[in-house]
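The values are calculated or read from the model by the stated rules, or taken from the named source; none is laboratory data. These numbers were taken from a predicted model, which means no experiment stands behind them. Quick reminder, even Gly has a Cβ in these numbers, built from the backbone with ideal geometry, and neighbours come from all protein chains shown. These accessible areas exclude ligands, DNA and RNA; they are computed on the full protein's heavy atoms, side chains included. Shrake-Rupley method; radii C 1.70, N 1.55, O 1.52, S 1.80 Å.
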Amino acid sequence: AGMSADNLPVMSVSVAEVEVAGIGVDNFKGQLTAWNYFQSVKADANTKFVANYQSRYGAKEVTDDPIEHAYSAVYLWAKTVEAAKSIEVDKVRAAANGVSFESPQGTITLDGETQHIFQKAMIGKAGTDGQFEVVWDSGAQPLKPDPYLKTYAWGAAVAAG
């Protein structure tokens, strides 16, 4: 109905490559979305990941942030278990701090305090091929996880109750 990224831009935090295919490339072209991973990330680990994924599920299938995180989580858990030399929860938690994995999005590292990962943030612009061009990222240094919003005054107040 005449709406496009030019006259009604959208910034999504939940539309990934898979959803663009469902929405329709023409309907989402030029819109923005924020994730930690896009299939278009230029990295050797990602090239291999995408090739392996498409070899298994089909050449036209796309990867996205939730797929990449599920994949990376398994490998990160395995590396943590190896470091702990155990699958006992307390030993795995104790060994978690600083464990890293070269994931398709880049290097991710476990933070022992929050049990979340240091990772980059990215904003992508949807193209005519259903992929996202990274138009902004948080830089070479992965961001410290802040799952409880302690960094922000309003978040600290909410967390304190």
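For the chain, the fraction of C-alpha pairs more than 23 angstrom apart is 48%.
A straight chain from A34 to S55 at 0.36 nm per residue would run longer than the Cα-Cα distance by 4.9 nm. Relative protection proxy for 59-70, 35-46, 127-138, from highest mean packing down: 35-46, 59-70, 127-138 (other beta-carbon atoms within 10 angstrom).
Each Cα pair under 8 Å and six or more residues apart adds its separation to the average, and for the chain the resulting relative contact order is 23 percent.
Backbone amide hydrogens, once placed in the peptide plane, bring S12 within less than 5 Å of L32, T33, A34, excluding anything fewer than 5 places away on its chain. Along region 26-35 the Karplus relation, 6.51 cos²θ - 1.76 cosθ + 1.60 evaluated at θ = phi - 60°, assigns HN-Hα couplings of 5, 7, 10, 3, x, 6, 10, 8, 10, 8 Hz to successive residues, with x for each Gly and Pro. By the helix-only formula, in which each DSSP H run with n ≥ 4 contributes -39500 (n - 2.57) and the sum is divided by residues, the chain has a 222 nm mean residue ellipticity of -11000 deg cm²/dmol. Rounded to the nearest Hz, the phi-derived 3J(HN,Hα) couplings of region 48-57 under the Karplus curve 6.51 cos²θ - 1.76 cosθ + 1.60 (θ = phi - 60°) are 5, 4, 5, 4, 5, 4, 5, 5, 7, 10, where x marks glycine and proline. By accessible area, using a 1.4 Å probe on protein heavy atoms only, the chain has 57% of its surface on carbon and sulfur.
For the chain, the number of Lys pairs with C-alpha atoms closer than 18 Å, counting only pairs eight or more positions apart or on separate chains, is 6.
3J(HN,Hα) along region 122-128, derived from phi through the Karplus expression 6.51 cos²θ - 1.76 cosθ + 1.60 where θ = phi - 60°, amounts to 9, 10, x, 10, 5, x, 6 Hz, with x in place of Gly and Pro. Between amide H atoms placed 1.01 Å from N, distances below 5 Å from K120 occur with L143, all of them 5 or more places distant or on a separate chain.
Here the chain carries DSSP beta bridges of which approximately 90% are antiparallel, counting only pairs with both residues inside.
The C-alpha atoms of the chain define a longest principal axis, and helix 65-84 lies at about 10 degrees to it.
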